[in-house]
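Peer 1: One structure, as structure tokens, below. Some questions next.
Laboratory data are not the source of any read-out in this text; all were calculated from the coordinates shown. Remember, predicted model here, so these are calculated numbers, not experimental data. With ideal geometry, Cβ positions are generated from the backbone for all residues, glycine too; neighbour counts draw on all protein chains shown.
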Amino acid sequence: MKLIIAEKRNVATAIATAIDGIQESKDGYVKKGDYYITWASGHLLSLKEPEDYDPKFKKWNIQDLPFNFPNWELKPINAGSKKQLNIIKDLLKECSGVIHACDPDDEGQLIGDEILLYHDYKKPAERMLINDNNTEYIRKLFTKLEDNSKYESLGISAAARRIADAIIGINLSRFYSCKSSKTLHVGRVKAPTLGLVVNRDYAIENHIKQLHYILRIIANNNDKDNNITFTFQKNANTPVNEDKLIIDLDYIEKVQAEIADIKDYKVNVTSKILTRNPPLVFNIDKLQAYCNNKFSYTAQEVLEITQVLQATHQIITYNRSDSQYLNEEHFQEAPQLIEIIKENLSLSLDNIDTNRKSKVFDSSKVTAHHGIIPTHTRFDLSKLTEKERNVYQTIAEFYLVQFMPPEKLKETTGIFKVKDYDFKTTDRTVQDLGYKKFLNSINEEKEDEEISNISKFEDGLYDFVNFATPIDTRETKPPKPYTEATLISDMTSIAKYIKNPEIKEILLRKDKDKEGAKGSIGTPATRASTVEELIDDGYLERKGKQIRATEKGKNFYNNVLPDEIKTADLTALWWVIQEDIIAGTKTITDLTDSVFKSVIQAMEANKDIKIRHKDDIICPKCNDGFLKNIKTSKYNFWACSEEKCGSTFNDNIGKPDFAEKKPAEKSEIPCPKDGGILYKSKGKYGYFWKCKTCQQNYKDSNGKPDLSPKKEMKKSAHICDCGEFLTEIPTKKDPNKIMLCCEKCNSKYFEQADGSRKKWEIKK
């Protein structure tokens, strides 16, 4: 028997379907033919936290930093992961070999390899590179198995990135949190994402309106009712700013003066037919952006909805895909799937041609997963929630348009030359809506088209008469605030904000085979959660559909975070080292040691930093530290963050009590037991007196200690945990119930029906 390990349960099910034989479903795996087929459910293992190595590290202390364990050990993520790992462990003992069938990318390679490493697996292992659940496709893969060792370096590179992320996250999060009254989370992807929003908000706040100019010619073909506006075309000699705008009024007025007296023009009119093919099917980033724009769903909402659609209802394919393409096999099964979709959505479509093969069917462009499309499952649409219906219908509609004709437009252009200048007008008219007959029904956002009467002219040369040469004066506008859609879009194309050309080139090279990604940070599975975590941390906030930086976020980004992680530079530099790891020229430690060195440098550079927040309570004793609320099982108090100060204050309904503490009242009569001073204290049941030396307590009687001899109590046969004999004391509520009290340590017990003693527990 061989064991096949898939990354997800639905993939394991698809593999089992492709294998001949009788299927037996077991707890955590399937037996079919000569194979056991099991699954990982993503990562089953994570890196151990510092407190897993030593419990004392659970409390964050700056003295314990930095952490960089020589061997970063793994642990099951949760109880469910532990159970599945134990199932796999037993299967590994029975099998003669393993087929690693996790996703064909670095993370998928790591998921399978770390399971084998965790169980110290030494037998043969083969690799199945699977990115589709199509049955015939999977059967072919069994003839293309390779030795798993060929791909192990891919998993090692992913492991290196994970450890490097841990070194940054664990050390810098703890370091800056210890310098602050609040917990501050630091991460390689979170920092530049926060930077995008902070810098966008500053660009909006600091925007200075700038005038720019557009020169036009208004002319007609001896038809005053058919005026056409031609626009000046910038060329290589045109002075423009960095935004390609003409801000030089003198220049534009000079051109205006040169053409003002010219009245007759020869306008060359040409036209062509443009075709607009249907948009590709969705990956998760595009789907999140589309649903945010159309339905105002957050990225995290879309991720969770698609997870339900995929895992619970099983009506869409893998939801966290980064690809917008489908394998060739999907085209073969399209007729059947289309009928199922039409039935599920109660659609009657007459413009679908199953012989029409759009560019979406391209196996060479499919990455670890193909695009998100419906499955062959029939279901009752009414059983879904409104949000689930909306997302499913959106996915289905973008699949159906792949079999619809393109939109056809007629583009007519009119151009004439005046001296060395070109003036142009363009118009587009719809010839055939094509797939938009269908997409328009779901309110697809329309593009703004330039409107011109030039479309009334056939191709040819025409005489035009100039009667006006106005200059349009416009003001630059600030950039728009981020929405969740635009923020995630920029996370997938952050390279455009990188000024260093080498870093930008590396980021673009990293994503050269990924459709829609142009120098990205994060992954499709993590971008939504990154945004949510920044919001949960208080760095970002939602204002309607907008995503804005908070004052806390701005302060954290500008004054706390080290420059090394503020941008996407780290992602680029790490990727270069990861590529070397894959090539076998570098190791994990080459990456992790360099990251650890940077962490140490950042901590050293910021050793004297004091992170303050608007709502911090400054210590009134030293006027330097801030007060931290310390909660223990017995007490709740406030302590100064500066160790050299060490001031503490009582808690008063959630705030420090700065009232002057009255000295404890002391009795003139000494303790009769050892002659110590008796101090008045207030306890749960009122005032009492306590000896400071022997800790003996006395009742209060009219403001004075009651030193009258205690009634002789009956000694019990029971012995306290401290070794003293216990005294029997009848309880007030129930005289038949005897309390056993230790006069030495004040421990309390009661006698059970069987004659044994039990600790007296006070109910809170």
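Peer 1: So who's got an amide H within less than 5 Å of the one on Leu678, skipping anything under 5 residues away but keeping other chains? H placed 1.01 Å off N, in plane.
Peer 2: It is Ser667, Cys671, by chain and number.
Peer 1: Please arrange Ser594, Ser633, Ser41 by counting, for each residue, the other beta carbons lying within 10 Å of its beta carbon, fewest first.
Peer 2: Arranged by neighbour count, lowest to highest, Ser594, Ser633, Ser41 become Ser633, Ser594, Ser41.
Peer 1: Once the other residues with Cβ under 15 Å from the Cβ of Leu349 are scored (Lys, Arg +1; Asp, Glu -1), what is the net sum?
Peer 2: With Lys, Arg at +1 and Asp, Glu at -1, the net is -1.
Peer 1: Send over the semi-axes of the stretch 57-202's equivalent ellipsoid, whole angstrom and largest first, taken as the square roots of 5 times the C-alpha gyration tensor eigenvalues.
Peer 2: Here the semi-axes work out to 38, 21, 13 Å.
Peer 1: May I ask which of Lys456/Lys480; Lys244/Lys496; Lys437/Lys480; Lys266/Lys408; Lys209/Lys496; Lys597/Lys621 have a Cα-Cα span longer than 26 Å here?
Peer 2: Those over the limit are Lys456/Lys480; Lys437/Lys480; Lys266/Lys408; Lys597/Lys621.
Peer 1: Note down the relative contact order for the chain as a percent, whole number, built from C-alpha pairs under 8 angstrom at least six residues apart.
Peer 2: In percent, rounded to a whole number, it is 12.
Peer 1: Just to be sure I follow: if Rg is taken over the C-alpha atoms of the chain and Rh is the Kirkwood radius over the same atoms, what is Rg/Rh?
Peer 2: Reported Rg/Rh, Kirkwood definition of Rh: 1.11.
Peer 1: Angle, helix 284-295 long axis vs. longest principal axis of the chain, Cα atoms, 0 to 90°, nearest 10?
Peer 2: 80
Peer 1: Arrange Lys610, Lys514 by Cβ neighbour counts within 10 Å, fewest through most, would you?
Peer 2: Ordered from fewest to most neighbouring Cβ atoms within 10 Å, Lys610, Lys514 come out as Lys610, Lys514.
Peer 1: Could you grab the relative contact order for the stretch 284-403? Cα pairs under 8 Å, six or more apart, rounded to a whole percent.
Peer 2: 33
Peer 1: Starting from the Cα of Lys759, draw a straight line to each of the aspartates and glutamates and keep only those under 19 Å, dropping any in the same chain fewer than 8 residues away.
Peer 2: Asp721, Glu724, Glu728, Asp734, Glu743, Glu751
Peer 1: Against the longest principal axis of the chain, how steep is helix 334-345, in degrees 0 to 90 to the nearest 10, with axes from Cα atoms?
Peer 2: 60
Peer 1: Per DSSP H run of at least 4 residues, take -39500 (n - 2.57); add these up for the chain, divide by its residues and hand me the 222 nm value, nearest 500 deg cm²/dmol.
Peer 2: Counting only the DSSP helices, I get -9000 deg cm²/dmol.
Peer 1: Please give the peptides 614-622, 325-333 ranked by average Cβ packing (other Cβ atoms within 10 Å per residue), highest first, as a rough proxy for protection.
Peer 2: 325-333, 614-622
Peer 1: In whole Hz, with x marking every Gly and Pro, tabulate ³J(HN,Hα) for the stretch 25-37 from phi via Karplus 6.51 cos²θ - 1.76 cosθ + 1.60, θ = phi - 60°.
Peer 2: Running phi through 6.51 cos²θ - 1.76 cosθ + 1.60 with θ = phi - 60° gives 8, 10, 6, x, 6, 10, 10, 8, x, 9, 10, 9, 10 Hz.
Peer 1: Right, next: For the stretch 284-403, I need the span (max minus min coordinate) of the C-alpha atoms along each principal axis, in Å, sorted largest to smallest.
Peer 2: Over the stretch 284-403, Cα extents along the principal axes are 36, 32, 25 Å.
Peer 1: Separate question: Regarding the stretch 336-481, what are the three Cα extents along the principal axes, ordered largest first, in Å?
Peer 2: Principal extents (largest minus smallest coordinate, Cα): 66, 41, 33 Å.
Peer 1: OK, next. Quick one: helix 152-178 against the long Cα principal axis of the chain, what's the angle to the nearest 10°, folded into 0 to 90?
Peer 2: 60
Peer 1: For the chain, give the magnitude of the charge dipole about the Cα centre (Cβ charges: +1 Lys/Arg, -1 Asp/Glu; no others), in debye to the nearest 20.
Peer 2: 3980
Peer 1: Quick check on the exposure proxy: order Trp60, Trp39 from fewest to most C-beta atoms within 10 angstrom.
Peer 2: Trp60, Trp39
Peer 1: I need the phi-derived Karplus couplings for the stretch 44-55: 6.51 cos²θ - 1.76 cosθ + 1.60, θ = phi - 60°, integer Hz, Gly and Pro marked x.
Peer 2: For the stretch 44-55, the Karplus-derived couplings read 8, 10, 9, 5, 5, 7, x, 5, 6, 7, 8, x Hz, x marking Gly and Pro.
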